[in-house]
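Quick one: the structure is below, and I'll ask about it shortly.
Taken together, the values in this text are just the output of simple stated rules run on the coordinates, not laboratory data. Predicted model only: the values in this text are computed from it and were never measured. Neighbour counts are summed over all protein chains in view; Cβ atoms, including those assigned to glycine, are modelled from backbone coordinates with ideal geometry.
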Amino acid sequence: MNKIELAPICHLIMHGIGNKSNGDGVKLYSELTNYEKVKETLNNLIMSSFKFDDLYKFYFPHTLELNPIYTYVSNIFANKEIDNFINQSKNIGCFLYDKSNHPQIKPGELGVFYLADCTVDDEVVDCIGIFKSENKQRILKVEDRQNGYDLADIEGLSIQKLDKGCLIFNLHSEQGYLVAVVDNTNKHADAKYWTEDFLSIRPVNNEYHQTTQIMETAKQFIAQTMDADDEESKSEKIGLLNRSVDYFKNNEQFDLQEFEQRVFANDDLIQQYQDFSQNYAQENQLEPVKSFAISPKAVKKQEKYFKSVVKLDKNFHIYIHGGKDMIEKGRDEDGRKFYKIYYQQEK
């Protein structure tokens, strides 16, 4: 787990980036942006927008040096002169425009900023930040006049959260740096231009990512492999989901063989899971893992996606938290489906 503390912004420059498919063009500037009047607000926005559980690194096929953003950022870290910072920010803006060619991508303002003397696990490092604002907020400004108040309609950037952003820490440069990312818009697969096309990043293989990876693999396997309408039934499916979550909640260390035995129990189902897991890892370019320290934060986040409820038509919802042997599924003489539930005490 990385402990990260951010420093205030040293300098910032903003450019206008349009949608390339619409021929919007770009507005690139040669002077730093004056943010003195909103310094505290801007620093608070940056510090509150990022979480440092799931971290990333730059990636590119064949060689990392072919990743454009990695190259521009490396150049800034190597040469901290303001003129170089401005020139590299223009390169970043041009490259973002080149990747903004999907019809759903909104035009907006690109910000590139520099943070000196941040702390990562007690090591002092510099950091480069990039953000893009796509969604404007409208507010009513109250203007005090001599005889009363006037209201003015003003459009501006949100101070609640960043639409898109990343922080690149000058650490592990030969492996792709240490990158934190936020993307609150365009989460669909056809618009992952920020993380994939623009930044080209991959998760750092830490305990948070590993826990998330295995839980997601198990969830996808159970959802795709087991038909809820066959004899395995919805209750069996939910039982597997619950055992998966329980394993992660009740253990500090993950062991693949132990996990397979406790959750899937029989050899046929284990073999199916192993085959699925191998294909899933290859398709999603994931590194295979057999043991790691379980991240409680990742478990808490993933747990909400493991639904433990059987929905019966529009009349009943049955919440199942274990005890598959206490539930029976059947059909009566008239062909109506039913669940029979056994219990020891009513609370």
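Does a label point 7 Å from the Cα of residue 161, set along Cα-to-beta-carbon, have any residues of region 46-69 with amide nitrogen under 18 Å, and which are they?
46-55
Each residue of region 130-136 in turn: what ³J(HN,Hα) in whole Hz from Karplus with 6.51, -1.76, 1.60 and θ = phi - 60°, glycine and Pro shown as x?
9, 9, 10, 9, 10, 10, 8
What spacing in nm lies between the two simple spin-label points modelled at residue 22 and residue 220, each 7 Å away from Cα in the Cβ direction?
3.4
Show me, for region 283-295, the HN-Hα J-couplings you get by feeding each phi into the Karplus relation (A = 6.51, B = -1.76, C = 1.60, θ = phi - 60°), rounded to Hz, glycine and proline as x.
5, 9, 6, 9, 7, x, 10, 10, 7, 5, 6, 6, 8
Given H placed on each backbone N at 1.01 Å, which residues far from residue 24 in sequence or on other chains put an amide H within less than 5 Å of it?
Hits under the 5 Å cutoff: 19.
Please report, in debye to the nearest 20, how large the charge dipole of the chain is about its Cα centre when each Lys and Arg carries +1 at its beta carbon and each Asp and Glu carries -1 there.
Charge dipole of the chain: 920 debye, to the nearest 20.
Quick one: 3J(HN,Hα) in Hz for region 19-27, Karplus 6.51/-1.76/1.60 with θ = phi - 60°, rounded, Gly and Pro as x.
Here the 3J(HN,Hα) series is 9, 5, 5, 9, x, 5, x, 10, 10 Hz.
Still on this structure, please answer the following. Starting from the Cα-Cα distance between residue 141 and residue 290, subtract it from 0.36 nm times their residue separation and give me the gain in nm to one decimal.
Separation in residues times 0.36 nm, less the Cα-Cα distance, equals 47.9 nm.
How would you rank 52-64, 22-34, highest first, on the average number of other Cβ atoms within 10 Å across their residues?
52-64, 22-34
Computed from these coordinates, which is volume of the Cα convex hull per residue in Å³: [x] 238; [y] 186; [z] 137?
Among [x] 238; [y] 186; [z] 137, the one derived from this structure is [x].
Roughly speaking, what is the stretch gain from residue 2 to residue 41, that is 0.36 nm per residue apart minus the C-alpha to C-alpha distance, in nm to one decimal?
11.5 nm
Right, something else. Between residue 268 and residue 283, what is the label-to-label distance in nm when each label sits 7 Å out along the Cα-to-Cβ direction?
Rounded to a tenth, the inter-label distance reads 2.3 nm.
Whose amide H sits under 5 Å from the amide H of residue 158, counting only residues 5 or more places off or on another chain, with H placed in the peptide plane?
Those qualifying (amide H under 5 Å, at least 5 residues apart or on another chain) are 137.
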